[in-house]
Every structure is written in C-alpha cells, then in structure tokens.
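Have a look at the structure below, then the notes.
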Amino acid sequence: MTTTESLPGALAEPVEPVGRGWTTALSLANGAIWVGWFGPLQILLASQAEDFSPGSGMSKETMLAWVTGVGAVVSLVANPLFGALSDRTTSRAGRRTPWIVAGAAGGALSLLLLAGAGGLWTMALGWCLVQLTLNAAFAAVTAAVPDRVPRLQRGAVGGWLGAAQILGVVVGTGLATAAGGIAAGYAACAVFTAVGVLPYVLRYPDLRLAEADRPARSWRGFLAGFWLSPRRYPDLGWAWLTRFLINLSNSLVLLYLLYYLRDRIDYQDPEQGVLILTAVNGLTLLGTVVVGGVWSDRVGRRKPFVIWSGVLMAVATAALAGWQTWPGAIAAAAVLGVGFGVFTSVDFALMTDVLPKALDRGKDLGVINVANALPQVAAPALAAPIVTYLGGYRVLYLVAAVIGLAGAGLVGRIRGVE
C-alpha cells in the first residue's frame, strides 16, 4: 500500500493514473452517500408526508415539496462550505478523509433520527441534518478526483462514480422498499452509508496539505472565495448553468414520480412501480455511463456528449407528458437512463477541466455541486403549482423537457474545452 509520505503534494497536478482498486473504493463511498440520500427521497419521505399530511392543512405533495426544498437549501450551503474546509484541512489523515468519515457517520445518525420523526417539524429537521452531514462527505469524495486523477482519465473515473451514483439510487430505493417499514428502511440506509465508505478511508491514504501551503486565516477572504465571477471564469459559469438546467429537468421528473404512478397512471402498487422504474433507469444508465466517459477521454472531447445526452433526456421527458401509461413510463425511464448516463460521466469530467485553482478544488467543486442541489429547491417551487393549478403532470413534464433542452444548448458557450 502506498504510504502517505510517498504521495505527491496535495496541490500538484496529478500525472500518475489511478488504479482500479482506488477507483472502486471511491466509487463505493460515493454510492453509499447516494443510498443515504435516495432511499428517503424516492420512498421514505413521500411515505412520511402521506402519513403526516392529514390534519396538517397541507396536501402530501406540498408537505413533501416543503421538506425537500428546505433540505436542499441546507445542501446549497453545506457542499461548498465543507469543500472549502477540506481544502484547508492539514490533518495527518489528509484533506478529504476526515470529512468523508465524519460526514458518513453523521449521515447515518441523522437517518436514524429521521426514522423516529413524528410530524412535519421533526421530519424537516432530520432531513436537514441528513443533507448537512452527507454533503460534507460528498464534497470530499468529489474533490478527491481532481486531487488524484489525471485529466485524460477523469471521464472514465467520472463514469464509475456515476455508475456508483445510480446504483446508490437503486440500492437506496430497494432498501427502503424491502426493509418492511419506514423506520426499518431508514436503518438499512444508515448502515449501508456508514459501512460503504470504509474500504476507501481505511485502505487508501489521502494527500496531506502542508501547513505552509494553507491559506492565511481570514473570514473575509474565506467568504469572498465562494463567489466565482462568471465574467472572470466564463467557462465555469456556462458549465455550471448547463449542469443546473439539466439537473432541474431531472428533478422535476423524479419529485412526484410516486404520485404520478398512483394518481395519473393508476398503477396498483406505486412504491413497487418506483422501484421498477428506478431499476430500468439504472440498467440503461449503467450501460452508458462508463462507456460515455471512456469514449470522451479517448477522443479528447466533452461538449458533443453533453449536448446529445441532454437532447435525448428531453425527448424521454416529453414522452412522459404525451404517453401517460405504464409502458410509456418504462420506455421513458430507459431512454432517460441512456442520456443521463453519458451526461453524468462527461459533465463531471468537464467540470474538473474548468476548475480555476488547485488550492480551491474542494470549494470550487462545492460551488459547482450547488447546481445539483439548487434544482431540489427550484423543482418543488415549480412543480407544486404546475401540478395543482397549471395543467397537471402533462404540463410539468413538457416544462421539464424544455428546461433540459436549454441546458444542453448552453454547453456550446464553453470555449476552453474541446
């Protein structure tokens, strides 16, 4: 095993390819974090909202939107904050590992707290704590890639991280469905999240930041660093907007999926239906996520992959509006998986290619990851009034398709990447 002392400096541009073991362990840690997020998001939070909404003055849709929206606000702050803190960490265990450990452990405890929620407020508090802690781990995991992976290997590594992400969604949904109850579902997700990060943190030493390389302590400078001017870094700005719009489209599709199957399609077992659709989506995503990243590395281009994956996802989303049947939902899930698989790996590589400074990799990726969390705030705000007052699910999915197309088109404005 490589010793910490023999590793290159934390701020050096990586040149040595990472091995399969390192990629596998980091991917497992990433997947474990997504289990902690999507077990609740796909099944458990929706079930709790349905239990708590009678007598609250809220519909189940509004309660779910409120809780997920507030949690997403926490995520907006937590991801760049913990990324910046990990950038400045000079622990003997490295910059990223302490935050992966603390975040995963805190996330597991927060999921157990959420399992005991007795109403809206404890449900919201528990979900906010889950978002806070798991974002600490996620910020550190993603920052490990530009720390250790050469540029022409990042598409492939991003593909494996994307595969782990969707497997995390599938496993989280499966655990939440098969555990036999809300509390048991949360407990199963908590255990998986805590255990899944151990192979990486125990086997692979992290890069250590020398005290001399740590920025001077200044609250003013620390806070000012979170603003990445689109005028100064235009490629980063356009890449961020592309990710935000495509993720917003995807969030609009997923948010009310359980209710769509129950209320619009009249599927007899909507919880099982969500699991089936997630599995179909996962299988097609797995078929393209690694291939797309490796192909992008080999040809040295990113933007065409992002454009065509966005177009494909928009077509599938529009199909949910026009073909509102169970076969239509299965077909849309399959096509969405193909498009999102390519997008996930290539967009991740694209983002690491436009990072401004090695010293701020964690913070900058955290700011970029806001484009993943902000759609969770915007999606409920858009979806609830559309479903309730402005035409229902047909209009919702047409709006989502248009937003996804806009995101795919904007990637062409990035000039510094082939």
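The values are calculated or read from the model by the stated rules, or taken from the named source; none is laboratory data. What you see is a predicted model, and the numbers here were worked out from it, not measured in a lab. Reconstructed Cβ throughout: ideal geometry from the backbone, glycine too, with neighbour counts over all protein chains shown. SASA here: full protein model, heavy atoms, side chains in, ligands and nucleic acids out. Shrake-Rupley method; radii C 1.70, N 1.55, O 1.52, S 1.80 Å.
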Item checked: Value of Rg/Rh across segment 284-418 [Cα atoms, Kirkwood radius] -> 1.01
Next item on the list: Once you have the Kirkwood Rh of segment 59-140 from its Cα pairs, apply Stokes-Einstein at 10 °C and 1.306 mPa s and quote D in µm²/s.
Entry: 121
Check: Per the 1.4 Å probe, what fraction of the accessible area of the chain, in percent, lies on carbon and sulfur atoms?
Finding: 66
Check: How long, wide and thick is the chain, going by the Cα atoms along their three principal axes, in whole angstroms, largest first?
Finding: 60, 44, 40
Note to self: With every protein chain kept in place and ligands, DNA and RNA left out, what is the accessible area per residue of the chain? Probe 1.4 Å, answer in Å².
What the structure shows: 40
Next item on the list: Let me know the whole percent of all Cα-Cα pairs from segment 51-100 that are separated by more than 11 Å.
Entry: 72
Checklist line | Expected-Rg normalisation [2.2 N^0.38 Å, Cα atoms] applied to segment 360-406 | finding: 1.48
Next item on the list: Pop a pseudo-label 7 angstrom from the Cα along the beta-carbon direction at both residue 198 and residue 122 and give the gap in nm to one decimal.
Entry: 2.9
Next item on the list: Give me the number: length gained by fully extending residue 51 to residue 283, i.e. 0.36 nm times residue separation minus the C-alpha to C-alpha distance, one decimal in nm.
Entry: 80.4 nm
Item checked: Alpha-carbon Rg/Rh ratio, for segment 235-331, with Rh computed the Kirkwood way -> 1.03
Notebook entry, point to check: If segment 6-131 were replaced by its equivalent ellipsoid, with semi-axes equal to the square roots of 5 times the Cα gyration tensor eigenvalues, what would those be, largest first, whole Å?
Noted result: 36, 15, 12
Notebook entry, point to check: If you take the charge dipole of the chain about its Cα centre, with +1 on Lys and Arg Cβ and -1 on Asp and Glu Cβ, which of 172, 31, 279 is farthest toward its positive end?
Noted result: 31
Next item on the list: Quickly rank 87-96, 268-277 as a protection proxy: mean count of other C-beta atoms within 10 Å, highest first.
Entry: 87-96, 268-277
Notebook entry, point to check: What order, most packed first, do the peptides 35-42, 51-58 have when packing is the mean number of other Cβ atoms within 10 Å of each residue?
Noted result: 35-42, 51-58
Note to self: Please report the accessible area of residue 395 (heavy atoms, 1.4 Å probe, ligands and nucleic acids excluded) in Å², nearest 10.
What the structure shows: 50
Notebook entry, point to check: With no solvent and one point per C-alpha, what does the Debye sum give as log10 I(q)/I(0) for segment 106-158 at q = 0.14, 0.22, 0.27 Å⁻¹?
Noted result: -0.50, -0.73, -0.92
Checklist line | Nearest-0.05 FRET efficiency for residue 93 and residue 395, computed from C-beta distance (R0 45 Å) | finding: 0.35
Note to self: Give me the one-decimal nm value for the distance between modelled label points at residue 73 and residue 323, 7 Å along each residue's Cα-to-Cβ direction.
What the structure shows: 4.0
Notebook entry, point to check: What ranking, highest mean first, results for peptides 175-188, 317-330 when packing means the other Cβ atoms within 10 Å averaged over each residue?
Noted result: 175-188, 317-330
Notebook entry, point to check: If you average 1/r over all unlike Cα pairs in segment 121-208 and invert the result, what Kirkwood radius do you get in angstrom?
Noted result: 15.0
Notebook entry, point to check: Rounded to the nearest whole Å³, what is the per residue volume of the convex hull around the Cα atoms of segment 50-206?
Noted result: 117
Check: Remind me, what semi-axes does segment 30-73 give for its equivalent ellipsoid, largest first in whole Å, using sqrt of 5 times each Cα gyration tensor eigenvalue?
Finding: 23, 11, 5
